[in-house]
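Input: a single structure, listed below in structure tokens.
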Amino acid sequence: MKRQEGSSGLPEGVSRPSLLGRRYSLVPLLPSHHEALYGMCLQDQIAFRWRYRGAQPQFEAFVRSLYGPNVLAQFVMEPKAVKGAVAGLQVAYNASLQDGTVYVASVSSAPRGSGALEGFALLVRHLFYCWNLRKLYLEVVEFNLEQFWSAVERGVLVEESRLREHTYFYGRYWDLATLVLYREQFEDFEASHPMLFAEGRQVSDDARQS
Amino acid sequence: MVPWSVEEFVAWFSTTMDLACEVPHHARLRDDLALDDYDLFLVALALDDLTKGEGLIDEDLCGSLRVIDLYHRYLISLSSPPMVHPVVPDRLT
């Protein structure tokens, strides 16, 4: 029986999980990225927000921490306009494939602002394409919530737990919230914003055909 | 959060299509408008959809500034109901 194929080499109607967005690409984490990531994670606006919470691990310890056994997938976010530049890191970790859950984390260099969300959307799409996941968890310290609280108000993210006064910073304890992104919510988002992912598909297909 | 909707903003923008705006590089615009990163991301995506991605937003979405400027113009174009959030129009002139 002749198989029906689309331009991607996959059966008709099946898309590959492209890692190309409109302005950013996700690329595999390589040793060439380590120094830039180390510098980024120790920037004053990032150091206290990200996993090291103000501590400065030695470079070798930092690199080891990138490749922990609990990492499911991780990508460096690269601006398409500046090949090789490191704009951020997107990580999926602590997966329970039995339960269909995984934790996700995102860090980006200070000037990127809302651009980091494009990289995050690419990671999320990759995860839902490649694994039968139901729920993505984001652990967010209270003082980081304001960066994207409107996503909760709009129902894209759901707050499902909150540890009261869990995290110490600047003279007080802050709540630690767990936000959840459900597969259905992301699929609605993806369908509502086809332009975000359209270029990735186009470029991928062009590259394959060339 | 500012009382707004992406849909209303896009509808307004589609009637003006004013791309020739000066970008006020004022760091406090984000705070003045109380938009968070997700708000800005949605506006950028909506403008992408509207313009078919033809270079309206800067490459790195720091482009946020330009998005804010467009959104700010939308806000000050509203005459009723009055805005409840303090924008600072003199910074845009």
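The values are calculated or read from the model by the stated rules, or taken from the named source; none is laboratory data. Nothing here was measured: the structure is a model prediction, and the numbers come from that model. All Cβ positions, glycine included, derive from the backbone under ideal geometry; neighbour counts span all protein chains shown.
Points worth noting:
- Among the candidates A:L179, A:L133, A:L138, residue that is aliphatic (A, V, I, L, M) and more than 13 Å from every other protein chain (Cβ to nearest Cβ): A:L133
- Helices (runs of 4 or more DSSP H) fully within the stretch A:92-191 that include at least 3 residues being in contact with a Gly (Cβ under 8 Å, 6 or more places away or on another chain) and of a type outside the set (K, R): A:115-130.
- Residues (within 18 Å of A:S109 (Cα to Cα) and either among the hydroxyl-bearing types (S, T, Y) or touching a strand residue (DSSP E or B) at 6+ places or on another chain (Cβ under 6 Å) (or both)) located in the stretch A:55-78: A:Q74, A:F75, A:V76, A:M77, A:E78
- A:L176 being crowded, with 16+ Cβ neighbours inside 10 Å and either under 22 Å from A:M40 (Cα atoms) or modelled with pLDDT of 95 or more (or both): no
- Looking only at residues of the stretch A:18-37 that are under 15 Å from A:A116 (Cα atoms) and touching a strand residue (DSSP E or B) at 6+ places or on another chain (Cβ under 7 Å), we find that the one that is surrounded by the fewest Cβ atoms within 10 Å (Cβ to Cβ) is A:V27.
- Selected residue [within 14 Å of chain B (Cβ to nearest Cβ) and over 21 Å from A:R53 (Cα atoms)] from A:A85, A:A116: A:A85
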